[in-house]
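Right, one structure below, let's go through it.
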Amino acid sequence: MGDGAKRSENVTVTSDSEIGEVRRRNPVVGVVRAMPFTLCFVVVLLLTSAITGIMFSPAADKPWFDAIATGLPAFEDGRWWTILTSPFFLSPPIVYLTLLPLVLGGFGWAEWRFGTLRMLAIALGGHIVGVLGAAGISAALASTGWHWGQKLASSLDVGPSCGAFAALVFAIATLPSPWRLRARAAVVLWAGISLLYLGQLYDLEHAIAIIAALIVAGLIPSFRHPSGRPTTREWRLIGFWSLIAVGAIEVINLAVPYDGPLGTHYPAFAVWDVVFDLVVIALITNGIRRGYRIAWIATITLGALNLLSAALSFITIPALLELGYINSPGEVLGQYIAPTVFWLAILIYVIVGRGAFRVPLRRSRRALATTTLNRDDMIERVKRFGGGTISWMTTWDENSRIAVGDGAIAYQAHSGVAIMLGDPIVPAGTHASALQSFTRITQQAGLIPCGFSTGDVTESAKPEGWRSIVVAEDTIVDLPNLAFTGKPWSHVRTAINRATRQGIEFRMVRLADEPWNILAQARAISEQWAGDKGLPEMRFTLGTIKEALDPDAYVGIAIDAEGNLHGVTSWLPVFDVTKADRVAGWTLDVMRRRDGGFGPVMEYLIASSAKHFSELGYDFISLSGAPLVRSNESGAGAVYQVLDQLGDLIEPLYGFRSLHKFKQKFNPRHESLHLLYRDEGDLPRIGIALTRAYLPDASMRDLVSTAASAGKDD
């Protein structure tokens, strides 16, 4: 949703940016201003409970309970006012532990999103529909003589839970995909299990309020969303949560007596049967989440065994009746029906979605189902199709490369994540199909797909439902008509003038062609720089002297009259996306300076390189983006706060923010570099994978000790 309030069909939704701004100004004041009714209602609820004594003893035991509680008996006796009095009481006291969080979550979230008046309308509507709908169903069921219907017809209830659930369902409708579907499924599953197994009046009221809220929310245009076939990931996640749900159902059957629509039940299942199922479910659920074929086979087998066991149990019912062990089939049918239905549904689900569960268990067999490319193949595609400013990094040895159509994608796999490096190297207009292919191929291999340091073109072509955040800003200097004149270039002119006075010479070379003493000095400077960090040299989007030796890369060096090397900068080619085999610009990679050498050597080297490339007719140079460094205007929210904290942690070690500030001396323009990911659930694993990509040789001990020492230095 964009900034500001969205108004459609009289529904106003507060944007995430507005919420974040309120939180930043003053969290406490922001909460009070955002949900005043919710907080006042909770205070009134607690005061009412304390004054009447129901905080410590059940309200149902009070002589005045019938006068304030809803239910069929109340409405038959004409006590319609109970619709308005019941929300302010709770019973029994244990309910406070569950209902207060629901009130804060349901009322509070909805009030924050829609405003007080609309939240009140939703909550009151949900409350009225829930209690009146349950009373009507109770009356209809009681006339059938069904034991459960008769129990409902004599029951009374208090509490605001129907309204809270309705408000929660409406608030869930504002979530982005796929969280919206997941949250709705969780609420419906919880309501269904509690209704079938516990079957109290309030369970029926909750189910009615939730269903009504889902229907009404679906009819409001601003809450409508296009539906389609679930993605591979959704198939896996739904299977994962379905297994957990059926495990919970078996625990309920084993340990919880209930008197609901499934009949009166006392725990009767054999303990070892349930324990066996729970152990197997515990072993295979994560495999289902990751799409392992062996877990899919185990799920099919376990489901078939449970269906066979249920069938045998149904067959024995006549014998049990004849022998007098049970008085009616209803005494045992209930405990078998729900698990059987759930297992049958799971079996149908995993069979229909079998394509999502094809990942081999052994890592060595998880090859991506596509053509792999070598370095020469990648170089050919980069030169033919061009790419972003870091496209040449895709040719580095640490990357894996796959063919997507006529083009290619480079990635690194760490911690179960496939990190696409930069933009796909593909013909113009095919970025979307390339990303879809990458997503499908990596998910089939059990990997989490994401893209790192992608440009705006790729960001705009990301698959539907994906997210993006700015993780760096590319700093680009346009070369046509470049002149170091005026006040903005004063630092650069000063560096050039000092170098001239001190006899420092600039040379643009192919490092591999340089004499042995130049190579030795370059390596010594790099090793000294890396040793000062306390960690191995960072990789991934940061090259080393090894990459600077690439014959396609240029290296700018600053050397004095005695042959002493003062600094090194390497430049990677950026090929034109509109004309094959044409280098449009150059990207800065390695920056190394000698300790105790010429002070402004980096300013001198970069300025001299820019002048050199400008004279040769190139379009631009990129000073590249510093990881996890962005402008304050590039985004806000919880994800960016985490990135800022990570940036704070590594800043003392590598000085990325200082480097980003240094590059502003060259008056660049900025282009955003993005992290593309499926949803926020992937971010923790992506964070670990990026750490391993940048520091593949660092041990956990290295990371902890260096971070601790950096904290002390601060």
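Please specify each residue of the range 139-197 satisfying the condition of being assigned to a loop (DSSP other than H, G, I, E, B), of a type in the set (A, V, I, L, M) and within 17 Å of Ile208 (Cβ to Cβ).
Selection gives Leu156, Val158.
For the range 287-306, give me the residue count where each residue is of a type in the set (A, V, I, L, M) and under 25 Å from the mean Cα position of the chain (by Cα).
Adding up the residues that qualify gives 2.
When the range 326-363 is examined, which residues are found to be in a helix (DSSP H, G or I), modelled with pLDDT under 85 and hydroxyl-bearing (Ser, Thr, Tyr)?
Of everything in the range 326-363, those that are in a helix (DSSP H, G or I), modelled with pLDDT under 85 and hydroxyl-bearing (Ser, Thr, Tyr) turn out to be Tyr336, Thr340.
Failed condition for Thr439, given (1) in contact with a Pro (Cβ under 6 Å, 6 or more places away or on another chain); (2) farther than 30 Å from Arg362 by Cβ, with all others met?
If we test Thr439 against (1) in contact with a Pro (Cβ under 6 Å, 6 or more places away or on another chain); (2) farther than 30 Å from Arg362 by Cβ, just (2) comes out false.
Of all residues in the range 315-325, which are open to solvent by 70 Å² or more (accessible area, probe 1.4 Å) and at pLDDT 75 or above? Reasoning before the result, please.
First pass over the range 315-325, keeping only residues open to solvent by 70 Å² or more (accessible area, probe 1.4 Å): 315, 318, 322-323, 325.
Across the range 315-325, the qualifying residues are Ile315, Pro318.
Any residue in the range 522-539 that is within 24 Å of Pro480 (Cα to Cα), in contact with a strand residue (DSSP E or B) (Cβ under 6 Å, 6 or more places away or on another chain), among the hydrophobic types (A, V, I, L, M, F, W, C) and surrounded by fewer than 22 Cβ atoms within 10 Å (Cβ to Cβ)? Can you show your working first?
Narrowing the range 522-539 to residues within 24 Å of Pro480 (Cα to Cα): none.
Looking through the range 522-539, none of the residues is within 24 Å of Pro480 (Cα to Cα), in contact with a strand residue (DSSP E or B) (Cβ under 6 Å, 6 or more places away or on another chain), among the hydrophobic types (A, V, I, L, M, F, W, C) and surrounded by fewer than 22 Cβ atoms within 10 Å (Cβ to Cβ).
Collect the residues in the range 158-201 that are at pLDDT 90 or above, within 22 Å of Ala245 (Cα to Cα) and buried (at least 22 other Cβ atoms within 10 Å of the Cβ), keeping them in residue-number order.
Hits for the range 158-201 are Phe165, Leu168, Val169, Ile172.
Can you tell me how many residues within the range 378-402 are touching a residue at least 24 places away in the same chain (Cβ under 8 Å), more than 20 Å from Ala428 (Cβ to Cβ) and surrounded by fewer than 17 Cβ atoms within 10 Å (Cβ to Cβ)?
So the answer is 2.
Looking only at the range 666-687, decide whether some residue is out of contact with any Phe, Trp or Tyr (no Cβ under 7 Å at 6 or more places or on another chain), open to solvent by 30 Å² or more (accessible area, probe 1.4 Å) and at pLDDT below 80.
Looking for residues that are out of contact with any Phe, Trp or Tyr (no Cβ under 7 Å at 6 or more places or on another chain), open to solvent by 30 Å² or more (accessible area, probe 1.4 Å) and at pLDDT below 80, one finds none in the range 666-687, hence no.
Out of all the residues in the range 540-566, which are at positive phi and part of a strand (DSSP E or B)?
So the first thing to find is which residues in the range 540-566 are at positive phi, and the list is 540, 563.
None - no residue of the range 540-566 is at positive phi and part of a strand (DSSP E or B), so the list stays empty.
Since Pro449 meets every condition but one in (1) part of a loop (DSSP other than H, G, I, E, B); (2) touching a residue at least 40 places away in the same chain (Cβ under 8 Å), which condition does it not meet?
Of everything listed in (1) part of a loop (DSSP other than H, G, I, E, B); (2) touching a residue at least 40 places away in the same chain (Cβ under 8 Å), Pro449 misses just condition (1).
For Lys533, all conditions in the list (1) modelled with pLDDT under 90; (2) within 30 Å of Asp376 (Cβ to Cβ) hold save one; what is the number of the exception?
Unmet condition: (2).
Restricting the search to the range 483-497, which residues are under 16 Å from Phe613 (Cβ atoms) and surrounded by 10 or more Cβ atoms within 10 Å (Cβ to Cβ)?
Going through the range 483-497, the residues under 16 Å from Phe613 (Cβ atoms) turn out to be 483-484, 492, 496.
Hits for the range 483-497 are Phe484, Val492, Ile496.
Does Val275 satisfy being modelled with pLDDT of 75 or more, closer than 23 Å to Leu344 by Cβ, surrounded by 15 or more Cβ atoms within 10 Å (Cβ to Cβ) and of a type outside the set (Ser, Thr, Tyr)? Walk me through how you get there before you give the answer.
On the way: modelled with pLDDT of 75 or more: yes; closer than 23 Å to Leu344 by Cβ: yes; surrounded by 15 or more Cβ atoms within 10 Å (Cβ to Cβ): no; of a type outside the set (Ser, Thr, Tyr): yes.
No: the conditions fail for Val275.
How many residues, within the range 582-596, are in a loop (DSSP other than H, G, I, E, B) and over 30 Å from Ala520 (Cβ atoms)?
Step one: of the range 582-596, the residues in a loop (DSSP other than H, G, I, E, B) are 582, 594-596.
Within this subset, residues satisfying the condition of being over 30 Å from Ala520 (Cβ atoms) are 582.
Looking only at that region, the number is 1.
Can you tell me which residues in the range 394-418 are part of a strand (DSSP E or B), of a type in the set (A, V, I, L, M, F, W, C) and under 22 Å from Phe575 (Cβ atoms)? Steps first, answer last, please.
Looking only at the range 394-418, we keep the residues that are part of a strand (DSSP E or B), and these are 400-404, 407-414, 417-418.
Now restrict to residues that are of a type in the set (A, V, I, L, M, F, W, C): 402-404, 408-410, 413, 417-418.
Passing the criteria: Ile402, Ala403, Val404, Ala408, Ile409, Ala410.
Among what's in the range 567-581 and is hydrophobic (A, V, I, L, M, F, W, C) and assigned to a loop (DSSP other than H, G, I, E, B), pick the residue that is nearest to Thr394 (Cα to Cα). Can you show your working first?
Residues of the range 567-581 hydrophobic (A, V, I, L, M, F, W, C): 568, 571-572, 574-575, 577, 580.
Narrowing the set further to residues that are assigned to a loop (DSSP other than H, G, I, E, B) leaves 577, 580.
On the way: Val577: 15, Ala580: 17 Å.
Among them, the one singled out is Val577.
Name the residues in the range 295-306 that are modelled with pLDDT of 90 or more, surrounded by 15 or more Cβ atoms within 10 Å (Cβ to Cβ) and not aromatic (Phe, Trp, Tyr), would you?
Of the range 295-306, the ones modelled with pLDDT of 90 or more are 295-305.
From what's left, surrounded by 15 or more Cβ atoms within 10 Å (Cβ to Cβ): 295-296, 298-300, 302-303, 305.
Across the range 295-306, the qualifying residues are Ala295, Ala298, Thr299, Ile300, Leu302, Gly303, Leu305.
Go through the residues of the range 460-483 one by one and say whether even a single one is closer than 30 Å to Pro176 by Cα, part of a helix (DSSP H, G or I) and of a type in the set (Asp, Glu).
Here is the first cut: in the range 460-483, the residues closer than 30 Å to Pro176 by Cα are 460-474.
Remaining after also requiring part of a helix (DSSP H, G or I): 460.
Add one more test, that the residue is of a type in the set (Asp, Glu), and what stays is none.
No, that holds for no residue.
Has the range 417-439 got at least one residue that is within 21 Å of Pro696 (Cβ to Cβ) and hydroxyl-bearing (Ser, Thr, Tyr)? Spell out the reasoning first.
Initial filter on the range 417-439 (within 21 Å of Pro696 (Cβ to Cβ)): 417-422.
If we keep only those that are hydroxyl-bearing (Ser, Thr, Tyr) as well, we get none.
No, that holds for no residue.
Tell me which of these Ser437 doesn't satisfy, since it passes every other one: (1) in a loop (DSSP other than H, G, I, E, B); (2) under 21 Å from Ala689 (Cβ atoms); (3) over 20 Å from the mean Cα position of the chain (by Cα).
(1)
Any idea which residue in the range 484-521 is nearest to Met420 (Cα to Cα), counting only those that are outside any helix (DSSP H, G or I) and of a type in the set (Val, Ile, Thr)? Working first, answer last.
Within the range 484-521, the first condition is being outside any helix (DSSP H, G or I), and the residues that meet it are 484-486, 502-510, 514-515.
Now drop any that are not of a type in the set (Val, Ile, Thr), which leaves 485, 504, 509.
On the way: Thr485: 40, Ile504: 41, Val509: 31 Å.
This residue is Val509.
Being outside any helix (DSSP H, G or I), in contact with a helix residue (DSSP H, G or I) (Cβ under 8 Å, 6 or more places away or on another chain) and more than 13 Å from Val158 (Cα to Cα) is the filter; apply it to the range 49-79 and report the residue that is modelled with the highest pLDDT. I'd like the intermediate steps shown before the answer.
Initial filter on the range 49-79 (outside any helix (DSSP H, G or I)): 53-58, 62-64, 69-71, 77-79.
Then keep just the ones that are in contact with a helix residue (DSSP H, G or I) (Cβ under 8 Å, 6 or more places away or on another chain); that gives 54-58, 62, 69-71, 79.
Remaining after also requiring more than 13 Å from Val158 (Cα to Cα): 55-57, 79.
On the way: Met55: 85, Phe56: 86, Ser57: 88, Arg79: 93.
Step by step, filter the range 49-79, then rank; the result is Arg79.
The values are calculated or read from the model by the stated rules, or taken from the named source; none is laboratory data. These figures come from a predicted structure and were not determined experimentally. Reconstructed Cβ throughout: ideal geometry from the backbone, glycine too, with neighbour counts over all protein chains shown. Surface accessibility is based on the protein's heavy atoms, side chains included, excluding ligands, DNA and RNA. Shrake-Rupley method; radii C 1.70, N 1.55, O 1.52, S 1.80 Å.
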